[in-house]
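Have a look at the structure below, then the notes.
Values in this text are rule-based calculations from the coordinates and carry no lab data. All values reported here derive from a predicted model rather than from experimental measurement. Every residue, glycine as well, gets a Cβ built from its backbone with ideal geometry; the counts of neighbours run over all protein chains shown.
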Amino acid sequence: MVKEEQQWTIEAKSSLLDLKLNEVWAYRDLLVLLVRRDFVSFYKQTILGPLWFFIQPLFTTIIFTFIFGNLAGISTDGLPKPLFYMAGITAWNYFADCLTKTSSVFRDNAGIFGKVYFPRLIMPLSIVVSNLVRFGVQMLLFLILMAYYYFAGANFNISWAICLFPVIVVLMALLGLGAGMIISAMTTKYRDLAFLISFGVQLLMYATTVIYPLSEAINKYPAYAWIIEYNSMTPIIETFRYGFLGEGSFSWFSLGYATIVTIFLLLIGTVVFNKVERNFVDTV
């Protein structure tokens, strides 16, 4: 049998909310290739290779445990300090990687975009998927640490909220994707944003419950706790901890708020991304 060739009509005008998912599906092989390229090129010519997936969160956890847990004495809601920090770092790293790498899509791929047509959404999607591989490896490290403390007799319990884990992963991916597409579109004209995002994400981490529980912020700094509560990553990380460790400030309202913010940013990001992709080659 002769396989029918798929034909697409490239039109100048289309809806700004059109994700062209049918084209994305048709180019799924390209998505797989881009994911493989990101994975291979990032660790090419490194001595330790994929071991960096483990080293980075492990050393970050050790540093956080020493500085924030031991020196600063910040509460971890009765959880073992390394386990508490590893949970926050694992979730935060996936979101931060999706955001920072998606935010430079147009700038980093201007040469490819200007030469050949394919659904531009493939690029940010490949970043989200490739980071998912890294997230999976770091989750494995987190689960190993959980098993160690469980057999060591640590006081934590897996709660029913672990069933929300797929929802949490989707929210982190879409939140990073939506915010990243907005910033990527803006950097085509305002290059300063590329420098701002690099340390802006690090600063944002301190306004999220990565190194402290939400209960600690509410009790000690009630005047500023609203900033942390309205950070859409806070309920996501709190739900993550509550599901796997049984400790955290979980509420359906907060998770619903994070979902609404994620959908809003994704819609805005889609509109801006589709609008900029039509003429960005002239400005990049």
Would you please classify the overall shape of the range 157-245 from the alpha carbon gyration tensor, given that a ≥ b ≥ c denote the square roots of the eigenvalues, rounded means a/c under 1.5, and beyond that prolate means a/b larger than b/c while oblate covers the rest?
oblate
With DSSP loop assignment and no more than 13 other C-beta atoms within 10 Å, the trypsin sites (Lys or Arg not before Pro) in the range 158-266 are Lys189, Arg191
Before anything else, pin down the relative contact order of the range 86-240: Cα pairs under 8 Å, at least 6 apart, normalised by residue count, whole percent.
40
Distance histogram in 5 Å bins (all Cα pairs of the range 91-187, percent per bin)
2, 12, 19, 19, 14, 11, 8, 6, 4, 3, 1, 0
Sparse-neighbourhood loop hits (chymotrypsin sites (Phe, Trp or Tyr not before Pro), the range 57-163; DSSP loop; Cβ within 10 Å at most 11 others) -> Tyr117
Pop out the ³J(HN,Hα) list for the range 132-148 in order, Karplus 6.51 cos²θ - 1.76 cosθ + 1.60 with θ = phi - 60°, rounded to Hz; leave Gly and Pro as x.
5, 5, 5, 4, x, 5, 5, 5, 4, 5, 5, 5, 5, 5, 4, 4, 4
